[in-house]
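Input: a single structure, listed below in structure tokens.
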Amino acid sequence: MTTPEHSPVAPATPAAATTPGAATESAQPVIRVSDLRMSYGSTDVLHGVDLEIHRGEIFALLGPNGAGKTTTVEILEGFRRRSAGEVSVLGTDPTRGGDAWRGRIGLVLQSWRDHRRWRVAELLKHFATYHPAPRDPAGLLALVGLTEQADQQVDRLSGGQRRRLDVALAIVGRPELLFLDEPTTGFDPEARRGFHDLVERLARDEGVTILLTTHDLAEAERLADRIAMLVNGRIRACGTPSELARRAAAQAEVRWTTADGSPRRERTEDPSRLVWELHRDTGGPIGDLEVRRPTLEDTYLHMVHREDPAGAGTGDSAGAGIGETTGAGARGENEAGASDGEKRAA
Amino acid sequence: MRGTQVTAVTNTTKNVTGGMQGDMGEDMRGDMRQGITGDMAEGIGTTDGTTGQTTGGTTGQTTDGATRQTGPRPHRRYWRAGFLRGGIELRHLVRNPKEMSGHLVNVVVALLLAGYISDKVPGTHVPMAHLTLSGFAAYLLFQIGLVNLPQILVTEREEGALLRLRATPGGIPAYLVAKSLMVVAMALGTLVILLGAAALLVDGPLPHGPGGWLTLLWVSALGLLAVVPLGAAIGAVLPNPREALALIMLPAMGLLITSGAMFPLTQLPLVVQKIASVFPLKWMAQGLRSALLPDAARAAEPAGSWELPTVALILTAWAALGFLLAIPLLRRAARRESGSRLTERHRKAGLGGARTA
């Protein structure tokens, strides 16, 4: 059966969302995927994907082109039939999702440019009529910042405005689950910031569960409670952004300038201790102090390059082994196809 | 309990009629079943809209039915959305000068042609212009179903409107309702403008008496039914609007010439007559001639009569064939839509990313 709680305003604290275990009180995950497999002809695209996404969570699915992201999401959206495996979205198998199920899901696709001749408010009002208890279109336009464009024709909107209209259309029926497909492609920084704020508000204030696919690692890091990396049809890593970064490269880089003006840098698993020791040793402020944690990008590139058949990495153990290499240095080594997974002496 | 909830939260209370309450028991059982199995009917609903039988039941909610609000019954909501949509699309059409002139240019061509033609239908005193205008009326109906409609469908498929509606509860039934409305309005508008303008400006034909009007009505309606589902099937199959136009226009023009729409069929070789008589345009034109021309004009018909039973039979056969083709093809088209296919098509079309970005 489905989860007993489908209130569109279910409270979800960020803390609960970031820890998968803490979400158990909302009974079932919004999305549960186990051993999902997909093949087109003789080509296997997904080799047993497992996922659990909980209520109110912002979940990012990352991966290079051709990794199976789109296929996975389209199976979840009910647009594709899977080859094998179990999939449950809002308690229903997507291949059997009827109108009522559809009404609980919102979709934002990057390639939509439909209804060009419609006016913004007209379109939103129209799509409200399909839903039993829609949001107020005027309020929604304000929420996505399109009040001024209400009477404008849709094809006169900028890329960012168009996407925000797509979000408004996707949430007018108060969905519990929102799919965002590379939503900020082509946005300027300001539009991107505005979009992120909107997405965060939806998740935090209204408990909407959000599945985001993106190429923008900074976006995933900023928005997502948890991130899964899909590489070659397998989930290679899944966790909070900092967990992923920690697992990929346990060492942070500390840079500073010594009293005689020469720059120094050192890798450490415990930057706090190193900085404390530096302070103790110098007895005062440290010049140009900088602590650099490995970024999600480091993790991502690391993982993608591991999968490269030319590299030395053993793909199947990647999930367990990502902690074995060190930070910034590992990237260059991977690109050279050498010493992947080799433990580096500090 | 559920019944009162529906009444309480509905925003269009007039929709909650006695008849609806009567149906409630049935729907509740449906919901219970769905609640237990969590099982929904296939979500495409492509054809269900035409019969008003959308999938899903009253709320279709599973155990959350108690917490989630329910508005008017889905069927009514979808029909209403479809009618609203049809109205809005019509308004857009009428207000779009480019598209309107595209439709009106046909009428102007027909009027100019009728103005130039001064001879009589051979063996009669009926002006040839009347035959040509009747033929044009038939052709324009034919074109709405087999040229304009497929183009609209292909364009909206390519832009993603179909996908958005597929992702919207009741979207596909509403889309079909809207498109039907649109086609009927276009046909009606075209006939009124063409025949009205012809009657006023070039002494064009109008039906003689109530029988003639009745014939005009049923031939137009049946003619539309013969071409619209077929056009929908074509629109579901064709790859993109540009190719669609090229693929459809040529055969359509060929039929315009060979179907006796422009000049009497008897002037054409027998083989051409035989081929043209397989297609609906010949019969639509013949039916409209019977409504618009005096009976004396029968002399120019190959059979020497209007053959109205055959007209009805052949048009019905095309309608049946059209529906048989359109239902699975539209279902398939709707099912195949997905974000990645949309992106792929856009890439192929060389349109790239967000057009207005």
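Read-outs throughout are calculated quantities, based only on the coordinates presented, and are distinct from any laboratory measurement. Everything numeric in this text was worked out from a predicted model, so none of it was measured. Cβ placement follows ideal geometry from the backbone for every residue including glycine, while neighbour counts extend to all protein chains displayed.
A few notes on this one:
- The spread of Cα positions in segment B:154-282, taken along each principal axis and listed from longest to shortest, comes to 51, 36, 24 Å.
- Across peptide A:69-82, the average count of Cβ atoms from other chains found within 10 Å of a residue's Cβ is 3.
- With a Förster radius of 60 Å applied to the beta-carbon distance between residue B:316 and residue A:262, the computed FRET efficiency rounds to 0.05.
- Shielding score for B:110-119, defined as the mean number of other chain Cβ atoms within 10 Å: 0
- Placed amide H near residue A:251: partners under 5 Å, 5+ positions off or other chain: A:327
- When segment B:211-266 is reduced to its Cα atoms, the Kirkwood hydrodynamic radius in Å: 13.3
- Karplus-derived HN-Hα couplings along segment B:122-136 (A = 6.51, B = -1.76, C = 1.60, θ = phi - 60°), whole Hz, x at Gly and Pro: x, x, 9, 9, 7, x, 4, 4, 5, 5, 5, 5, 4, x, 5
- Cβ-Cβ FRET estimate between residue B:105 and residue A:133, R0 fixed at 35 Å, reported to 0.05: 0.15
- With a 10 Å cut-off around each Cβ of A:170-179, the average count of Cβ atoms from other chains is 1.
- Rg ratio (alpha-carbon, reference 2.2 N^0.38 Å) - segment A:241-298: 1.21
- Calculated FRET efficiency for the pair residue A:293/residue B:245, C-beta based, R₀ 45 Å, to 0.05: 0.20
- Backbone geometry of segment B:227-242 corresponds, through the Karplus equation with coefficients 6.51, -1.76 and 1.60 at θ = phi - 60°, to 3J(HN,Hα) couplings of 9, 5, x, 4, x, 5, 4, 5, x, 6, 9, 4, x, 8, x, 5 Hz, x marking Gly and Pro.
- A simple rule links phi to the HN-Hα coupling: the Karplus curve 6.51 cos²θ - 1.76 cosθ + 1.60 with θ = phi - 60°, which for segment A:222-236 gives 6, 8, 7, 6, 9, 10, 10, 10, 9, 10, 6, x, 9, 7, 8 Hz, with x for Gly and Pro.
- Segment A:30-127: mean projected area of Cα convex hull, nm²: 7.9
- Label-to-label distance, nm, for residues given as residue A:35 and residue A:155 (7 Å Cα→Cβ offset): 5.0
- Sorted by Cβ density within 10 Å, fewest first, the residues A:71, B:124: B:124, A:71
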